[in-house]
């Protein structure tokens, strides 16, 4: 009977994920053009209240930036609560580039398709399905579980997790550990041996604006103080710069685990060449070997024959734990004093791969995929964990998915034809159920 009930929850997770994808929650980063977060929050709130939850519904710092938080009491309220958080917003998608419409939520060819399928409406769908399942069947977990469905993660959480931590920290009272996105997914290493990567660390984010001032003038004349030229040279220098190789503890532990499973060596004098053996996941792992600074936007001028007095560029910087001061020195040396710099910065996150929670995650995975291994890894991107660590919460990425060996999973994040396997969603729901019942 229990097996049958969890299968129903797994089926509902697929439906909920599809429904959520159909709600366009595009986050452009400009509050005036954000759409859909309120509608998605209302959908989640309705699904929770329908089965008896009391919810807190919070507009966080700007119009229509809504969040839904609820708590499921556990058997032992003296234990620290587990925070399970997921974001409702997604990055933009151009329908002309996709095989299916990015907001169709289509279920076809064994996948649920659409923007947010892996980032991260899949995890929202799984946790929402389980929250409903537990309430329907009066299932009491061993500890309190706080479910949080959040706005604005894709733009740093300033109108979501960061705002809530600053203004409504009591909503997370008693939480000592948290799980969320970009972890728990499988990679196939050899002979059908799967390792499930649990995120224990993530690089810091710095979205940096570079600004150069020059002398305005007519485009037909000679100019030796052209802001656009000076900025272009600086951006090219930064974009082509190679930061030093740094092996953090989490990366070393991941590589040691891969060596134990496969026998592959990762010599430090050719670490990037060795990491390339990991196939599709090598892009994500390779990005955790050094800091990065990638120019993403350029803004200058207003007419073809006018030299502007100001030029600006945006650079997406990702910084390893422990590297912030060294990164700052390197940037200053590269760019010099003439380049003005402003930035939004969110810190690195790092914890250890040990303790009862890690054991519970590993046991839940192995119960559903015997012979599998779990390994820690560092995420090259960032999550709302950056906000919750300010409350002293220990953060992990654990949104379990059993993936086909040939699926280029890392390319799906913010990519074209984002999709998640239906069977992976059902698998993840079963794993999370085992985890929530034993954590």
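From the list 71, 79, the lone residue that is in a loop (DSSP other than H, G, I, E, B) and touching a residue at least 60 places away in the same chain (Cβ under 8 Å) is 79.
Summed over the stretch 162-192, the residues that are in contact with a helix residue (DSSP H, G or I) (Cβ under 8 Å, 6 or more places away or on another chain) and surrounded by fewer than 17 Cβ atoms within 10 Å (Cβ to Cβ) give a count of 2.
Within the span defined as the stretch 367-379, one or more residues are in contact (Cβ under 8 Å) with a residue 60 or more places away in the chain and under 18 Å from residue 316 (Cβ atoms).
Taking the criterion of being out of contact with any strand residue (DSSP E or B) (no Cβ under 6 Å at 6 or more places or on another chain), surrounded by fewer than 21 Cβ atoms within 10 Å (Cβ to Cβ) and in a helix (DSSP H, G or I), would at least one residue in the stretch 213-230 satisfy it? Yes, that holds for at least one residue. Being in a loop (DSSP other than H, G, I, E, B) and at pLDDT 95 or above is a property that holds for residue 403. Close contacts from the stretch 230-251, counting a first residue that is at positive phi and a second that is in a helix (DSSP H, G or I), with Cβ to Cβ under 8 Å and a gap of 6+ residues or different chains, come to none at all. Based on what the data block shows, is residue 326 on the phi < 0 side of the Ramachandran plot, at pLDDT 95 or above and either crowded, with 19+ Cβ neighbours inside 10 Å or touching a helix residue (DSSP H, G or I) at 6+ places or on another chain (Cβ under 8 Å) (or both)? In short, no. Taking the stretch 404-414 as the range and being within 21 Å of residue 89 (Cβ to Cβ) and in contact with a strand residue (DSSP E or B) (Cβ under 8 Å, 6 or more places away or on another chain) as the test, the residues that pass are 409, 412. Taken as a whole, the condition of being touching a strand residue (DSSP E or B) at 6+ places or on another chain (Cβ under 9 Å), free of Cβ contacts under 8 Å to residues at least 40 places away in the same chain, surrounded by fewer than 22 Cβ atoms within 10 Å (Cβ to Cβ) and not in a helix (DSSP H, G or I) does not apply to residue 417.
Matching residues to (1) outside the structural domain of residue 90 (by TED's automatic domain parsing); (2) surrounded by fewer than 23 Cβ atoms within 10 Å (Cβ to Cβ):
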| position | (1), (2) |
| --- | --- |
| 360 | no, yes |
| 364 | no, no |
| 381 | yes, yes |
| 394 | no, yes |
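Test residue 195 against the stated conditions and say whether it is touching a helix residue (DSSP H, G or I) at 6+ places or on another chain (Cβ under 9 Å), surrounded by 21 or more Cβ atoms within 10 Å (Cβ to Cβ) and assigned by TED's automatic domain parsing to the domain that holds residue 76. No; evaluated as a whole, the condition is false for this residue. Being surrounded by 14 or more Cβ atoms within 10 Å (Cβ to Cβ), over 26 Å from residue 434 (Cα atoms), touching a residue at least 12 places away in the same chain (Cβ under 8 Å) and out of contact with any strand residue (DSSP E or B) (no Cβ under 8 Å at 6 or more places or on another chain) is the requirement here; does residue 36 meet it? For residue 36, the condition - surrounded by 14 or more Cβ atoms within 10 Å (Cβ to Cβ), over 26 Å from residue 434 (Cα atoms), touching a residue at least 12 places away in the same chain (Cβ under 8 Å) and out of contact with any strand residue (DSSP E or B) (no Cβ under 8 Å at 6 or more places or on another chain) - is not met. Checking each residue in the stretch 92-137 for being under 16 Å from residue 185 (Cβ atoms) and part of a loop (DSSP other than H, G, I, E, B) picks out 116, 117, 118, 119, 120.
The values are calculated or read from the model by the stated rules, or taken from the named source; none is laboratory data. Predicted model only: the values in this text are computed from it and were never measured. Please note: Cβ atoms are built from the backbone with ideal geometry, for glycine as well, and neighbour counts cover all protein chains shown.
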